[in-house]
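S.K.: Structure provided below as C-alpha cells; questions to follow.
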C-alpha cells in the first residue's frame, strides 16, 4: 500500500499545501483501492472516477494559483447516500428513489466545499437509513454485515477506499458499523452539525456522524462541519476554534471512566467478552465497572416510540404510494408508528430531559462512560445489520459518543470500545478519546 | 390614592435607596387597597399582611445597614399560585391541592429574592392554569371575568393591590387577562424565563409572563427573571445587560407594523371593532392591515393536540385519583388528550419550526405584528375566562408578545392591543412596545 494511507489527513493537506503531493495523486491512490476491492465490498452507491479526478485537478489548479486553501483542501470525503448533492443522485438506499437527486446540496456539503474538500462519491446506506440492509459487505470478512445504516461510509474507510466519510445515526448507525468495520466513528452532541438537506427520519434522534482512521482525523473534519444553521433549528452556537488543538492535547490528568457492560452483556460472544475483560483490566486504575442505570430499559422503549412514529410521519407518502417497495423492517415500523398514542410520544420526549439530568451526574466524578460499541463482532450474513442496543441511549440523550477500534473478538474481527461524554462537551470528549487511542496504541 | 401609585417601580426603588420612602410604607399603601377591594375582586389565593410587613421591615433594615441593594429592593411582587414558594402554600387553583405547598422555591422566586424583591402573596389562578375559573372578578366590573388563567395576577395589578405580578401563559393566560383588566402583560420568548419549580402543564407551550402598569416596569422585572437555568433545559443564554436601557430608548426610527385582524374578527363586539379601526387609522403611517396567514388555522389545531396531550400526561394521576374534583373543562381536555395519536403529536411539534420559518419572514420588512389582544372586552359572567383564540399562535411559536391597555370597548371596558415580535428579539421588541405606549399616551 502506498505511503499516503499511513499519513494523517492533516499531514496530507500539509503536503498538498507544500506541493509535495497533489490531490490527483491522492485520489488516484484511492481509485486503485476501489478498483481492487469495490467488487467485493460494494461500499458505493455512486462513484464516478472521471468526476473525482476532474475535481482533484481543479483543487490542484487552485493550489498552484496561490489562492488561500482550506483545512481539507484536496481531500476526498465519501458521503452517505442520504446527504443531498446536486452533482450526484441521492437515492437513500431505496428503489423508490432510483436515479433521483436532491434539488440542492446539504448544508454540510457546502461546508465541505468551503473547506476545500472534494465530494468523492456517495456510499451505500440501509433503506432510508433504517434497518433494510444495503449490498455492502464487511471488508474484514465479506460474508459478514458491515453494520448499518451507514454501511458504505464505514466500509469505504475500513477498506482504504476513502480517507474520511460522513454518515448518520438515529439508533446506532455510526457506532455499530464503526465497531464492526474497525474504524473510528464519532457521533457529536445533538445540534452540533446541521441536518439541513439530509434525509430526515427523526427530528429528535437524527445525528450526522463521521468515520475516519484516527481521532485526530475525525476532529479535523468535525471542525469543518460543526456550525449553527438557521435551517436546522436544533443546531446551537458552538465554537470550534480550539477543537483540533484540544483533541491533540488531551486531558491534563489521567481520566476516570465508568464502564457499563450494558443489559445485553449476555448476548456478547465469549471472545469479545474476554477482550473487554482484558481491556478493563489493563485500565484498572482508570475504570470502574458499574451496573447500567435501570431507566435505560425505559429509554429503549421511548427511543422506539419516537423513532417509529417519526418514520411513520416522514415516510407516510412512501408507505401510501409504494408500500410494497419498502422492506418488511420499514413496513412493520410504520405500522407500529401509526399506533402509538400522543401521550406515549409526549412522555418519551419528556423523559429525555429528566433522565439526562440524572445521567449527567456521572460527570461530577468521571470523565467519560465506556461500554462495548456493539454486542460483539459483526454477525455473519448480510440480511441483518446487527443491533443498536448499545447505542440507542446516546442517540436519545444526544450525548457525544465515539467508537474506537481497539479490540478483536471472535474470528479476529474488529471490535469497538464506545466512549460517551457529556452533552456539548465535545472538545474535552475528543481529547479524552485521543488519549485513550494513544494509550492503547503505545 | 397615594402618590406611590403614580410612580414607576424604578422610581420607587430609587426612593427606597435614597431613604425617601420605605418598603413598609409602600406595602402599607397596597395593604390599604387590599382592605378596600379584595372583598370584591378576590384576586388573592394567599395573602398574609403580617408576613408581608415583616419582610418589608427586613428590607428596610437591610437598606439602613448600608449593604448593597438589588434592582427591586423592597418592592412587593404578587405570584400566580402555581409558582412554588416555601413560606406559602401553592394550591394551583384546585381543591385537590388545598393547603399543600411545594417543597422548594421556584427558580424565579430565588431570582426575585436575590434582586431584593418581596414575595407579596399568591394570586388566584384558574384550575391548574387551565380553563376552570377562579373566584376572581374583573376590577372594572365585578360581574365580568378578569380572564384566565392568570386571573388574580392581572386583577391585583389592575386594582392597584400590587405593583407587579407574575403569571404564566400556555394558550393566552397572560395576554387575555391583561387585555380584560387593562394592564400591561408580557410573555417573553420561549426559553428566556425558567419554569423550574412552577406547575408544569405543557413543556412545549408553558411560558412565564409578567404583569405591570407600564412597559418600563415590565422590563425592570423581566431583567431580573431572565436567566439560563440548567433545571429548565428549554432556557437559553440571553444577555439582559441592556434590556432596560433598550426598552427606554426604543427604536431609532418609526417602526412599521402588520396588523392582523385575525380569523375571529367576526366575534369582536362592535365598539371594540370601532376602537381598533380608530387605532389603525391613527397609526396609518405605521400600520398595514393584512390577512392572517392561512396556516394559523392548522396551528390552532396543533396547539390543542400538544396542550391536551400534555395535560393528560401531566395530570394523569389527578385524573385517576380525583377525577370528580376536576372541572369539566379539564376532564374533557384529558379525555381528548388520551385519544390523539403519536403521529398527530409529532406532526404538531414538527410544524412549529416549519411554520415559524415562514412566519419570521414578516420581520424582514416589519418591526412587529399587531392584533387585538382578545376578541373584544371581558365577557359578562364568571363561569368562563374568555377565549385565547388571538394568543395561541404566539404561545405555539414562542415569540414575545405583549398586551398594551391602549383602547376601550363596549361598556368602557379596557381593551388591549397585542404586539408580537420575533423570537429571541425581546430587547428590540420591548423598545418598540415602549414607543407604542408613549405614542398613545402623548
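The values are calculated or read from the model by the stated rules, or taken from the named source; none is laboratory data. It should be emphasised that the depicted structure is a prediction, and the values quoted were computed from it without experimental measurement. Using ideal geometry, Cβ is built from the backbone for each residue, glycine included, and neighbour counts are taken over all protein chains shown.
S.K.: Can we say residue A:276 is out of contact with any helix residue (DSSP H, G or I) (no Cβ under 8 Å at 6 or more places or on another chain), more than 15 Å from residue A:426 (Cα to Cα) and not in a loop (DSSP other than H, G, I, E, B)?
M.R.: Considered against the rule, which asks whether it is out of contact with any helix residue (DSSP H, G or I) (no Cβ under 8 Å at 6 or more places or on another chain), more than 15 Å from residue A:426 (Cα to Cα) and not in a loop (DSSP other than H, G, I, E, B), residue A:276 comes out as yes.
S.K.: Take residue A:173 and tell me if it is modelled with pLDDT of 95 or more, surrounded by 24 or more Cβ atoms within 10 Å (Cβ to Cβ), at negative phi and in contact with a helix residue (DSSP H, G or I) (Cβ under 7 Å, 6 or more places away or on another chain).
M.R.: Considered against the rule, which asks whether it is modelled with pLDDT of 95 or more, surrounded by 24 or more Cβ atoms within 10 Å (Cβ to Cβ), at negative phi and in contact with a helix residue (DSSP H, G or I) (Cβ under 7 Å, 6 or more places away or on another chain), residue A:173 comes out as yes.
S.K.: What residue, among those in segment B:357-406 that are within 14 Å of another protein chain (Cβ to nearest Cβ) and over 13 Å from residue B:303 (Cβ atoms), is surrounded by the most Cβ atoms within 10 Å (Cβ to Cβ)?
M.R.: Once the filter is applied, the top-ranked residue is B:399.
S.K.: Residue by residue through segment B:113-131, note down the ones that are more than 16 Å from the chain's Cα centre (by Cα) and more than 18 Å from residue B:43 (Cβ to Cβ).
M.R.: Answer for segment B:113-131, where residues must be more than 16 Å from the chain's Cα centre (by Cα) and more than 18 Å from residue B:43 (Cβ to Cβ): B:113, B:114, B:115, B:116, B:117.
S.K.: Residue by residue through segment A:302-356, note down the ones that are more than 12 Å from chain B (Cβ to nearest Cβ), buried (at least 18 other Cβ atoms within 10 Å of the Cβ) and either touching a strand residue (DSSP E or B) at 6+ places or on another chain (Cβ under 6 Å) or not in a helix (DSSP H, G or I) (or both).
M.R.: Selection gives A:326 alone.
S.K.: Determine which single condition residue A:84 fails, assuming it passes every other condition in (1) touching a helix residue (DSSP H, G or I) at 6+ places or on another chain (Cβ under 9 Å); (2) closer than 13 Å to residue A:24 by Cα.
M.R.: With respect to (1) touching a helix residue (DSSP H, G or I) at 6+ places or on another chain (Cβ under 9 Å); (2) closer than 13 Å to residue A:24 by Cα, residue A:84 is out only on (2).
S.K.: Is it fair to say residue B:216 is at pLDDT 95 or above and within 14 Å of chain A (Cβ to nearest Cβ)?
M.R.: no
S.K.: Check A:419, A:370, A:436, A:407 and return the single one that is in contact with a helix residue (DSSP H, G or I) (Cβ under 7 Å, 6 or more places away or on another chain), at pLDDT 95 or above and within 22 Å of residue A:222 (Cβ to Cβ). If you could, list the steps in order and put the result at the bottom.
M.R.: Details: A:370 fails: in contact with a helix residue (DSSP H, G or I) (Cβ under 7 Å, 6 or more places away or on another chain); A:436 fails: in contact with a helix residue (DSSP H, G or I) (Cβ under 7 Å, 6 or more places away or on another chain); A:407 fails: within 22 Å of residue A:222 (Cβ to Cβ).
Just one listed residue meets the conditions, A:419.
S.K.: Given the conditions (1) part of a loop (DSSP other than H, G, I, E, B); (2) out of contact with any strand residue (DSSP E or B) (no Cβ under 8 Å at 6 or more places or on another chain); (3) within 25 Å of residue A:147 (Cα to Cα), and given that residue A:85 satisfies all but one, which numbered condition is not satisfied?
M.R.: (2)
To keep it simple, each residue is scored yes or no on (1) touching a strand residue (DSSP E or B) at 6+ places or on another chain (Cβ under 9 Å); (2) farther than 28 Å from residue A:326 by Cβ; (3) loosely packed, with under 14 Cβ neighbours inside 10 Å; (4) touching a residue at least 12 places away in the same chain (Cβ under 8 Å).
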position: A:16; (1), (2), (3), (4): no, yes, no, yes
position: A:21; (1), (2), (3), (4): no, yes, no, yes
position: A:34; (1), (2), (3), (4): yes, yes, no, yes
position: A:42; (1), (2), (3), (4): no, no, no, yes
position: A:60; (1), (2), (3), (4): no, yes, no, yes
position: A:68; (1), (2), (3), (4): no, yes, yes, no
position: A:77; (1), (2), (3), (4): yes, yes, no, yes
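S.K.: Next up: For segment B:144-157, how many residues are surrounded by 24 or more Cβ atoms within 10 Å (Cβ to Cβ) and over 19 Å from residue B:222 (Cβ atoms)?
M.R.: Residues in segment B:144-157 being surrounded by 24 or more Cβ atoms within 10 Å (Cβ to Cβ) and over 19 Å from residue B:222 (Cβ atoms): 8 in total.
S.K.: For segment B:93-122, which residues satisfy the criterion of being assigned to a loop (DSSP other than H, G, I, E, B) and in contact with a strand residue (DSSP E or B) (Cβ under 9 Å, 6 or more places away or on another chain)?
M.R.: If the condition is that a residue be assigned to a loop (DSSP other than H, G, I, E, B) and in contact with a strand residue (DSSP E or B) (Cβ under 9 Å, 6 or more places away or on another chain), then B:93, B:102, B:105, B:106, B:117 are the ones that fit.
S.K.: Quick one: in segment B:202-216, which of the residues that are buried (at least 24 other Cβ atoms within 10 Å of the Cβ) and touching a helix residue (DSSP H, G or I) at 6+ places or on another chain (Cβ under 7 Å) is nearest to residue B:417 (Cα to Cα)? First the steps, then the outcome.
M.R.: Applying the first criterion (buried (at least 24 other Cβ atoms within 10 Å of the Cβ)) to segment B:202-216 yields B:206-212, B:215.
Remaining after also requiring touching a helix residue (DSSP H, G or I) at 6+ places or on another chain (Cβ under 7 Å): B:207-208, B:210-212, B:215.
Working: B:207: 20, B:208: 20, B:210: 16, B:211: 15, B:212: 15, B:215: 13 Å.
Here the answer is B:215.
S.K.: Can you name every residue in segment B:229-254 that is within 14 Å of another protein chain (Cβ to nearest Cβ) and either touching a strand residue (DSSP E or B) at 6+ places or on another chain (Cβ under 7 Å) or in contact (Cβ under 8 Å) with a residue 24 or more places away in the chain (or both)?
M.R.: Residues of segment B:229-254 that are within 14 Å of another protein chain (Cβ to nearest Cβ), as a first pass: B:229-239.
Residues satisfying the conditions are B:229, B:231, B:232, B:234, B:235, B:236, B:238.
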